[in-house]
Amino acid sequence: MKNLFDKKNYNKTISYYKKQGIGKDLAERIYTSRLLGSDPNLVLHGGGNTSVKSKVTDLDEKNHEVLYIKGSGSDLSTIGPEGFPAVKIAPIIQLLKKEFISDVEMVEFLRKNLIDVSSPNPSVETFVHAIINNKFVDHTHSSSLLEIMNRPDGLMLCKELYGKNFTIIPYVMPGYLLAREVYKKYSKYNNKIGLILFKHGIFTYGDTGYQSYKRMIDSVNIAENFLKKEKSKRLVKIKTVKTIINSEDIAPVLRKYVSKFNRYILNYRSSKDLLSKINNKNIESYLKKGVITPDHVIRIKPFPLVINIDKCKNHQEVEKLINTAFKKYEKNYKNYFNKNIKINKNKKINILDPIPQIIYIQNLGMFSVGRSLKEAKINGDVAELSLNSIINIEQKSIFKSISSRDIFDVEYWTLEQAKLDKKKKILDGQVVIVTGGAGTIGQETAKKFHCEGAEVIIIDNDRIKLQEVRSLLKIKTYLCDVTSREAFKATMAKICKKYGGIDIVVSNAGFAYENSMVEMSDKNLKNSFNINFFSHQIVASEATKIFLKQNIGGCLLFNISKQAINPGKNFGAYGTAKSALLALCKQYALEYGSYGIRSNGVNADRIVGGLLTDEMVKRRSKARKVSENEYLRGNLLKREVFAHDVANAFFHLSISEKTTASVLTVDGGNIEASLR
Ligand code: ZN
């Protein structure tokens, strides 16, 4: 592991923050924290923490010795001054005399002693940082160290390699108990440079940020050099074969099972390197043994699900095997929960969804589960890192984790669960696609669903507009012409790999040809049906195939038009196709209702920026001898209708779980176009 400290960059950081009124202590802390954060083998996705001791003067002119400590929700790789709440040290040291305080008391106590009450919660390891006398303290979950510790002879190896310079703390659950253990064992007079927390991680400290950082890198290198010199044994692999089902086809089937209790996103990944690890013959028994460091458990659960479908002869057999595997997982997880809840102090804990967070399919790859794509990817990264270390250990020794009880205590620890973003939104874990999504109505609809917690994907055939949308809305986009079944199928395959499947489809692409029926060319009429009817059939049928595989319902939403029932002059090409679309919407409701698949539509009218261009507004208002404003408000409510009104209608239909074969009008009121 390289020492990344660079004097030039360090000076730059110090002077950058100086201009912002941030002192040298904190600026130095930010610089080396980011160095640690840049290496996933030290800390990964919010893992690890750092601190610096400094002095601040409060409003009342009183001076306080404070600890700037990483706050929860921050990531060391990108941390800034706001990520370091300042907490008073003296009260913490005073409190440590108490043998036990609860988690809630600990968090409340730390909050009471913050300098700025609006700061994030200080890390759960704040007490350990406060105990250490040195100015700078660094804590990581170094993979190399964990590979040495998680073995039957791990403690002995640690003593050999680190006993001279480090205080070795046997495994204790993080939080107050660990702080107490350190409080009892740490001595500022013993010339040591850090703490080894057995089967958890390493602390180093120093008088400067550089010293503490250097000690971290040097200490990790001791482990790395030890590992390099060790002989590896070859692990037995299974035969490499091509699975009979590919990832995009299996993902919706898996999503059915992971979404048994709540809806989840399922993200697929694979690589030669990953497969070479998953394809170890004994992978299931290795991974069943636990986690390499306690806080991984909230990301990957105590054990993953490993499936091998190589013997299956057809898709039905694969489905059957997956069904059995998930049932077994649920049973095993419930057993783990029931066994450990009996010996846990807090009997009121509810079981988390008994589904795997990580699914390995041998010869195919890994699927990671999360309530959002971001969470699923983070969980996947943690799983991959952990898999790597466990395989490394098994090549040299035997993987031995902390006990199942210890894993359980961390998994169900309220402070650990609090690290996950718990803000629940109505469409969390749902995947929405919006076709014609780069247009005005499409964008507003995408924004609305995104705000309600869904993963939204915009599909459009306009490359330039898609680019604009991507940078403006920060929403995932796919370039696709929905009049081509092959193109749409290929896009859906990508979506299934990335998200596991889909839940809501807003079929919105459309185009209006203006002409009288006699003047209308056959070509334009056919083109109109192609985009305004057939493309919707392509989208609906391909989406419904995925809904059926997932077997967890589904929601089709069509942008129809008031033209479907209240035709306008010169809009025949559009109106006739939209009438057919209304029939299509009802047909899907009829044929797939029994599978929980709903099909509804929105009839909107006079939305500027939709199919109605400024040019058309001018022309039509002139023809009716009214002002443009009067034209746009020419409805029963006398109010203009906007794209976001249409977006709201789509959203409301999506959550109206007992509504199907229905059309919602969004036109400000038009008796001729009114429906039931
Ligand atoms: Zn830790």
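The values are calculated or read from the model by the stated rules, or taken from the named source; none is laboratory data. As the structure is a computational prediction, the values presented were derived from the model and not from experiment. Quick reminder, even Gly has a Cβ in these numbers, built from the backbone with ideal geometry, and neighbours come from all protein chains shown. Ligands, DNA and RNA are stripped out before the accessible areas are found, and what is left, the full protein with its side chains, is counted by its heavy atoms. Shrake-Rupley method; radii C 1.70, N 1.55, O 1.52, S 1.80 Å.
Listed here are the residues, each with its yes/no results for (1) touching a strand residue (DSSP E or B) at 6+ places or on another chain (Cβ under 7 Å); (2) of a type in the set (S, T, N, Q); (3) within 16 Å of the ligand (Cβ to nearest atom).
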residue	(1), (2), (3)
Met156	no, no, no
Ile168	yes, no, yes
Lys184	no, no, no
Asn190	no, yes, no
Phe198	yes, no, yes
Tyr210	no, no, no
Asn221	no, yes, no
Selected residue (only one of Asn335, Asn346 is in a helix (DSSP H, G or I) and surrounded by fewer than 23 Cβ atoms within 10 Å (Cβ to Cβ)): Asn335
Whichever residue in segment 120-141 is in contact with an Asp or Glu (Cβ under 9 Å, 6 or more places away or on another chain), assigned to a loop (DSSP other than H, G, I, E, B) and within 15 Å of the ligand (Cβ to nearest atom) and, among such residues, is modelled with the highest pLDDT: His141
Some residue of segment 28-42 being part of a strand (DSSP E or B), among the aromatic types (Phe, Trp, Tyr) and away from the ligand (no atom under 16 Å from the Cβ): no
Helices (runs of 4 or more DSSP H) enclosed by segment 605-676 - at least 2 residues per element that are free of Cβ contacts under 8 Å to residues at least 60 places away in the same chain and within 38 Å of the chain's Cα centre (by Cα): 643-655
So Val117, is it away from the ligand (no atom under 16 Å from the Cβ), assigned to a loop (DSSP other than H, G, I, E, B), open to solvent by 20 Å² or more (accessible area, probe 1.4 Å) and among the β-branched types (Val, Ile, Thr): yes
Complete set of residues in segment 7-27 that are assigned to a helix (DSSP H, G or I) and either within 16 Å of the ligand (Cβ to nearest atom) or in contact with a helix residue (DSSP H, G or I) (Cβ under 8 Å, 6 or more places away or on another chain) (or both): Asn9, Tyr10, Thr13, Ile14, Tyr16, Tyr17, Lys18, Lys24, Leu26, Ala27
Any chance Thr293 is of a type outside the set (Gly, Ala, Ser) and within 16 Å of the ligand (Cβ to nearest atom): yes
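Yes/no matrix, rows are residues, columns are (1) among the polar types (S, T, N, Q); (2) touching a Ser or Thr at 6+ places or on another chain (Cβ under 9 Å):
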position: Asn3; (1), (2): yes, no
position: Tyr10; (1), (2): no, yes
position: Lys19; (1), (2): no, no
position: Ile22; (1), (2): no, no
position: Glu28; (1), (2): no, yes
position: Lys55; (1), (2): no, no
Positions within segment 223-264 being closer than 20 Å to Asn388 by Cβ, surrounded by fewer than 16 Cβ atoms within 10 Å (Cβ to Cβ) and not charged (D, E, K, R), in sequence order: Asn225, Ser232, Val236, Ile238, Thr240
Any chance Asp75 is closer than 24 Å to Gly23 by Cβ, surrounded by 17 or more Cβ atoms within 10 Å (Cβ to Cβ) and in contact (Cβ under 8 Å) with a residue 12 or more places away in the chain: yes
Residue match in segment 91-107 (condition: within 16 Å of the ligand (Cβ to nearest atom) and not in a loop (DSSP other than H, G, I, E, B)): yes
